[in-house]
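**Q** Attaching a single structure in structure tokens format; questions to follow.
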Amino acid sequence: MSILEVENVTKTFMMENSKALVLDNVNFSVGNDEFVCLVGPSGCGKSTLLRIIAGLEKADSGRILFRGQLITRPTPKIAMVFQLFGLLPWKTALENVEVPLEVLGMEKEKRKHIADEYLKMVGLESFENTYPHDLSGGMKQRVGIARALALKPEVLLMDEPFSSLDELTAKTLRELVLDIWRNPALPTNTFIMVSHNVEEAVFMADRVIVMSPRPGKVIGEVKIEIPRPREDHLRDPKYFGFVDEVVELLEKSKIKKDESPLSLAAKRVNEL
């Protein structure tokens, strides 16, 4: 059963004096308790699509349905973790986690208790009173994850959450996110993550959805049929087979883009 449905979503942006089509009739659904990754070339609208799903941005046409209900604005049921942390520099780690709870009108003692609980969950129990400028990149992202989870959402959106981190820190946080996803005591059990790292997507996802170069559209998907936990399968030829399958879809979309009439005309002009 689908918990989230993306139906015919199209989005354009103004670019100088003209409009640029960013998303073109995007369709897919996500099931309850499913971990889905979106991959595609830079600029294909992946992050824009996440913001539309979160209700932070409006599509030109199409719709997002959450449990059959139209999403027109942000809802605590769908939270988002941003690529560049998005922390308020004048607030401590604890206060940053409290922000969305304060916006919802929750009284101070209750939101402080919840923020403290989620900071402990992400391993920052000793950094409640630390400001962002004194936190490492990995710690800042942990605060961002705690802030999103504090809303107790059913769906968590993640926009390239590990891309600015070193590989060792990224590996630790990937495992943390998967532990959170698998934790039956938490209400957050559906994840949609944007990634530019194909191996990361195959490691984390139940299903990888592949998008074309701009304008972004869904060109295929790969169901990752590898047992969890997957740490034991990273040297398995089957794992690399799924990586190759995703890469092949990406390369095919690039070839088709390069062979479009406009692209071929531009090549001919450059050859003259």
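**Q** Could you check, for the range 55-69, whether at least one of its residues is out of contact with any Ser or Thr (no Cβ under 6 Å at 6 or more places or on another chain), more than 30 Å from V198 (Cα to Cα), modelled with pLDDT under 95 and not in a helix (DSSP H, G or I)?
**A** Yes: one or more hits.
**Q** Can you tell me which residue is modelled with the highest pLDDT among those in the range 6-53 that are buried (at least 16 other Cβ atoms within 10 Å of the Cβ) and either assigned to a loop (DSSP other than H, G, I, E, B) or outside the structural domain of P215 (by TED's automatic domain parsing) (or both)?
**A** E34
**Q** While we're looking at this one, here's another question. Restricting attention to the range 64-118, and to residues there that are of a type outside the set (A, V, I, L, M, F, W, C) and under 20 Å from F28 (Cβ atoms), which single residue is surrounded by the most Cβ atoms within 10 Å (Cβ to Cβ)? Full working, then the answer.
**A** At the first step, the residues of the range 64-118 found to be of a type outside the set (A, V, I, L, M, F, W, C) are 67-69, 72-77, 83, 86, 89, 91-92, 95-96, 98, 100, 102, 105, 107-113, 116-118.
Right, trim to under 20 Å from F28 (Cβ atoms) and you get 67-69, 72, 75, 77.
Numbers: R67: 13, G68: 8, Q69: 10, T72: 10, T75: 16, K77: 19.
Result: K77.
**Q** Scan the range 102-115 and tell me whether some residue there is over 28 Å from L21 (Cβ atoms), in contact with a Lys or Arg (Cβ under 7 Å, 6 or more places away or on another chain), not hydroxyl-bearing (S, T, Y) and not in a loop (DSSP other than H, G, I, E, B). It would help to see each step written out before you state the result.
**A** The initial filter retains those residues of the range 102-115 that are over 28 Å from L21 (Cβ atoms), namely 102-115.
Add one more test, that the residue is in contact with a Lys or Arg (Cβ under 7 Å, 6 or more places away or on another chain), and what stays is 102.
With not hydroxyl-bearing (S, T, Y) added as a condition, the list becomes 102.
Within this subset, residues satisfying the condition of being not in a loop (DSSP other than H, G, I, E, B) are 102.
Yes: one or more hits.
**Q** Checking the condition within 23 Å of L165 (Cα to Cα) and in the same structural domain as E160 (by TED's automatic domain parsing), which residue from E199, E225 passes?
**A** Only one candidate qualifies: E199.
**Q** Testing L168 on (1) closer than 20 Å to L56 by Cβ; (2) surrounded by fewer than 19 Cβ atoms within 10 Å (Cβ to Cβ), one condition comes back false. Which one is that?
**A** (1)
**Q** Of everything in the range 116-137, what is part of a helix (DSSP H, G or I) and of a type in the set (V, I, T)? Give them in sequence order. If you could, list the steps in order and put the result at the bottom.
**A** In the first step, residues of the range 116-137 are kept if they are part of a helix (DSSP H, G or I); the result is 116-121, 132-134, 137.
Residues satisfying the conditions do not exist here.
The values are calculated or read from the model by the stated rules, or taken from the named source; none is laboratory data. Worth saying up front: this structure is predicted, and the values here are computed from it rather than measured. Cβ: placed from backbone, ideal geometry, glycine included. Neighbour counts: every protein chain shown.
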